[in-house]
Amino acid sequence: MKILKFNLSGDFAFFKNESINDMYETYPHIHKPALLGMFGAILGYDGYAQTQKIFNKTDEEIVFPEYYKKLKDIKVGIVPKEYSFPKIIENFNNSTGMFNSVADAKNGGKNRVNLIVEQVWLEKPSWDIYLLIDNMEAEKITESIINSKSVYHLYLGTNNHFAVIDDIKVYELKENNEKQVVIDSIVKSDDVSEIKGRIENNITEIDFVLPFELSPKTNIYIKKECKISNAKVNLINGKAYNVDGKNIVFYWFL
C-alpha cells in the first residue's frame with residue numbers, strides 16, 4: 001500500500017481553542033478536523049457556511065459539512081518538526097463597536113468603543129503529513145497535491161496565515177511489528193503505555209489535548225489527550241507503520 005507524505009508549513013498558524021475565553025488561544029498543533037478542512041478546500045467541497053443553508057436538504061445531509069462527511073475516513077498521521085513551536089501574541093482593534101458598546105444614558109444613544117482582540121499564534125510551524133492512499137478520496141487528494149492543484153486557497157487556521165505545501169513524496173507502507181517502538185507521530189495517550197522499569201536519558205515528552213472528530217449536527221470538537229515523545233513505548237491500540245525511517249500511527253473517524 002502507498003502513502004503520500006508532504007510538509008505543511010507557514011509563517012504563522014492559528015487553530016482556535018474554543019475552550020479558552022479570556023483570549024484567543026491556539027491549539028499547539030494542527031489537528032485532524034483542520035487537516036480535513038484543508039483537504040476539502042483542495043477538492044472544492046462545501047464547508048460549515050454551506051451546511052447552514054439547509055433548505056431542500058435532508059437531516060442526513062446536514063449532520064456534517066460536506067467535506068467532513070466525504071473525508072472523515074481518511075487515514076492521516078501528523079509528525080511535528082518540533083515538539084512545541086514558539087508563540088507570539090497579536091492584538092487587533094475592532095473599531096466597529098459591534099461587539100463592545102455601552103449605553104449613553106444622557107442622550108439615549110450609544111458610545112461605541114474599540115474591542116481589543118488578543119490572539120496567540122504559532123510561529124514558523126511545520127508538520128510532515130502522512131496520508132494513507134487506500135480509497136478514492138485519498139487518491140484525489142494525492143493527485144491534487146502532487147500536481148499543485150487546489151480549488152480554494154489554503155490557510156493554517158485563518159485566512160491571514162497562508163499554508164505552504166512542499167517536499168512531496170510517495171512511499172510504500174511497511175508495518176512495524178516491534179512490540180516496543182518510538183512513535184514519531186502525534187499519538188493518543190490511551191493508545192500507548194510506558195515501558196515499566198525504563199530508565200533513559202534525553203527523553204522528551206509533551207502532553208496536550210487536540211480535536212479528533214466532530215460531533216454530529218452540532219459539529220462540536222470531540223477531543224482526546226495526546227502526546228509526542230522520543231521514548232520507546234508499548235503500542236496497545238492500533239498499529240505503527242514505518243515510512244522512510246519514521247514510525248507513524250494513522251487516525252481516522254472511529
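The values are calculated or read from the model by the stated rules, or taken from the named source; none is laboratory data. Note that the structure is a prediction, hence the values are computed from the model and not measured. All Cβ positions, glycine included, derive from the backbone under ideal geometry; neighbour counts span all protein chains shown. Accessible surface is based on the protein model in full, side chains and every heavy atom, while ligands, DNA and RNA are left aside. Shrake-Rupley method; radii C 1.70, N 1.55, O 1.52, S 1.80 Å.
Restriction of the GluC sites (Glu not before Pro) in the range 142-189 to DSSP coil positions whose beta-carbon has at most 14 other beta-carbons within 10 angstrom yields Glu178. Extension gain, Glu18 to Lys217, is 69.9 nm, computed as 0.36 nm per intervening residue step minus the present C-alpha separation. The fraction of accessible area contributed by carbon and sulfur in the range 109-254 is 49 percent, rounded to a whole number (1.4 Å probe; ligands and nucleic acids excluded).
Only Cα pairs under 8 Å and 6+ residues apart enter the sum, and on that basis the relative contact order of the range 109-249 stands at 25 percent.
Reducing the range 67-90 and the range 180-238 to their Cα centroids gives an inter-centroid distance of 14 Å.
Per residue, how much accessible area does the range 117-253 show when a 1.4 Å probe rolls over the protein heavy atoms, in square angstrom?
55
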